[in-house]
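Please treat every number below as a calculation from the coordinates, not as lab data. Since we're looking at a predicted model, the values are computed, not measured. Glycine also receives a Cβ, built like all others from the backbone with ideal geometry; neighbour counts cover every protein chain displayed.
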Amino acid sequence: MSPTPIVPNLYVIDLGGVNAYLIVSADGLTLIDTGYARSAERIAHALGALGYTLADLAQIVVTHAHADHAGGLAELQTRTSASVWMHLLDIPLVESGVAMRPSTQSTPGLINKIIYRLTIARAPKTLTPATIDHVVDDGAILPFAGGLRVIHTPGHSAGQIALLWPAHGGVLLAADAAINVVGLALFPAYENLLQGQESLSRLAAHEFAVACFGHGRPITSAAARRFRRKWGHPSRRSRATPRNL
Ligand SMILES: [Zn+2]
Ligand SMILES: [Zn+2]
């Protein structure tokens, strides 16, 4: 299946229940997340539809250690020379082949519990170990793809990062900080729900027109306003929606 453009030079690659993203820029291709194990061939097909091969991948950013985001990394490392970037706190998991911390629990609510039991509880708990080349931390500007700002978003996974791409009015790659399958919502599972909600409030303080998710559809306009309505601090929320005062 061809990758779908979201804005110019940003594509979503559907890897079967999880999204990876591709940014095309002058300094090469940047892949954000790698899908489950055995996703490399699907990623190769997606690149092929755009006239590229796996050899054109220059960087891979892995948002967190879960099997649907880091599972394809080991194979991609054998088939590309891309450098791999990840947050300090999830690197030990990926390098030791652990996909998920045992503290991960269902978010309250019946729908969340059902999704958790049907998907997250059944997801692989192990990975083929892979090596991370570069440690990233909150506030860093990654030196490629026009400068991706790292926003540490612990809660779903302690080492999860979101990325803010300063193009097209700002594009947030939110990973699994939230989900947008049937509306913008909390993710169905967190290691620490309170910390996850704090991370969403931090994301809501940024400006971005577009938001993309590990699971679900992108929000393609006024995305930060949607985040602020749900998770903004009261002062920011009132500034964002003055007509509601
Ligand atoms: Zn996840
Ligand atoms: Zn996920």
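Each Lys or Arg adds one and each Asp or Glu subtracts one; over the other residues with Cβ under 9 Å from the Cβ of Gly214, this totals -3.
The simple spin-label model puts a point 7 Å past each Cα toward its Cβ; for Asp138 and Leu50 those points are separated by 3.1 nm. When the alpha carbon gyration tensor of the chain is reduced to an equivalent ellipsoid, the three semi-axes, largest first, read 27, 22, 16 Å.
Simple point charges give the picture: +1 on the Cβ of Lys and Arg, -1 on the Cβ of Asp and Glu, and for the range 4-232 a dipole about the Cα centre of about 860 debye. Taken along the Cα-to-beta-carbon direction at a fixed 7 Å, the label points for Ala205 and Arg229 span 2.3 nm. 3J(HN,Hα) along the range 126-131, derived from phi through the Karplus expression 6.51 cos²θ - 1.76 cosθ + 1.60 where θ = phi - 60°, amounts to 10, 9, 6, x, 9, 9 Hz, with x in place of Gly and Pro.
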